[in-house]
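Take a look at the structure below.
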Amino acid sequence: MYINDKTFGQDKNYEYLSELSERLKTENPQFRGFVVQTTAAQLGKIPAEWLAKSGIKYVELGIESYNDPLLKEMRKPATEALIDKAVDKLRANKIALIPNVLIGYPGETAATYAHTMDFLRRNKDIISHANIYNLAVYENTALGKKLTTASPNDFN
């Protein structure tokens, strides 16, 4: 069951999920658990002991890029170290990871891309699948205006 909450765990009501999981398993023994989406920073705030009984089977994690300079440029609330801690917490609780990765961000190079790919390879033991997104730039946005080298085709 996918819990449609962009950043799971921001509201205290997330704590009810473990109770709901038990009720669902009682009513439907074939219930296999929840999928949630959150950030590495938010996952760090959720107690590991709660995760163990939460009923969560998959966490869709906004990795975007496994590169501190790019994460900072994107204004993401994560660092490589926070991402590693989040992944370790998932592994310890036998929860599968679905990394959301963004490619094509300005400043990405072959080296930064390879670093993100290395992260994915190192953690393949808990990755269910990956969501790979190509950056879409829109002409009249802050990022679109910043890309002075963009050709008109880049906005199509």
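Cross-link partners of K53 among aspartates and glutamates, defined as those whose alpha carbon lies under 20 angstrom from its own and excluding same-chain residues fewer than eight positions apart: D5, D11, E15, E19, E22, E27, D88. Against the chain, whose longest principal axis is taken from its Cα atoms, helix 80-92 shows a tilt of about 30°. The sum of -39500 (n - 2.57) across all DSSP H runs of n ≥ 4, divided by the residue count of the chain, sets its helix-only mean residue ellipticity at 222 nm to -10500 deg cm²/dmol.
Legend: residues H129, H115, sorted from most to least accessible area (1.4 Å probe; ligands, DNA and RNA excluded), read H129, H115.
Set against the labelled values (i) 33, 17, 14; (ii) 28, 20, 16; (iii) 24, 19, 14, semi-axes √(5λ) of the Cα gyration tensor in Å computed from this structure falls on (i). Rounded to the nearest 10 degrees, the inclination of helix 110-122 to the longest alpha-carbon principal axis of the chain is 10 degrees. Pairs exceeding 31 Å between alpha-carbon atoms, taken from K94/K146; K25/K72; K72/K94; K12/K146; K57/K145: K94/K146; K25/K72; K12/K146; K57/K145. Helix 17-27 sits at what angle to the longest principal axis of the chain, using alpha carbons and giving 0 to 90 degrees rounded to 10? Relative to the chain, helix 17-27 is tipped by roughly 60 degrees.
Mind checking which of Q37, L90, L102 is farthest towards the positive end of the chain's charge dipole, using Cβ charges of +1 (Lys, Arg) and -1 (Asp, Glu) about the Cα centre? Projecting each Cα onto the dipole axis, the largest value belongs to L90.
Using a probe of 1.4 Å, the accessible surface attributed to I56 totals some 10 Å² when neighbouring protein chains are kept in position.
Database remark: amide H of I56 closer than 5 angstrom to the amide H of F34 (H placed geometrically; neighbours at sequence offset of 5 or more, or on other chains; Pro and chain starts carry no H). Is the shape of the stretch 36-106 best called rounded, prolate or oblate, per the rule: a/c under 1.5 gives rounded, else a/b larger than b/c gives prolate, else oblate, with a ≥ b ≥ c the square roots of the Cα gyration tensor eigenvalues? It comes out prolate by the Cα gyration axes.
Within the accessible area of the chain, what % is carbon and sulfur when the probe is 1.4 Å and the other protein chains stay in place? Percent of accessible area from carbon and sulfur atoms in the chain: 51.
Residues in the stretch 78-125 average 51 Å² of solvent-accessible surface per residue, probe 1.4 Å, ligands and nucleic acids excluded. Rounded to whole numbers, the Karplus 3J(HN,Hα) couplings from phi for the stretch 60-74 are 7, 10, x, 7, 6, 8, 9, 8, 3, x, 5, 4, 5, 4, 6 Hz, using 6.51 cos²θ - 1.76 cosθ + 1.60 with θ = phi - 60°, and x at Gly and Pro.
The values are calculated or read from the model by the stated rules, or taken from the named source; none is laboratory data. If you're wondering where the values come from, they're calculated on a predicted model, not measured in any experiment. When we count neighbours, we look across all protein chains shown, and the Cβ atoms used for this are built from the backbone with ideal geometry, even at glycine. Side chains included, ligands, DNA and RNA excluded: accessible areas come from the protein's heavy atoms. Shrake-Rupley method; radii C 1.70, N 1.55, O 1.52, S 1.80 Å.
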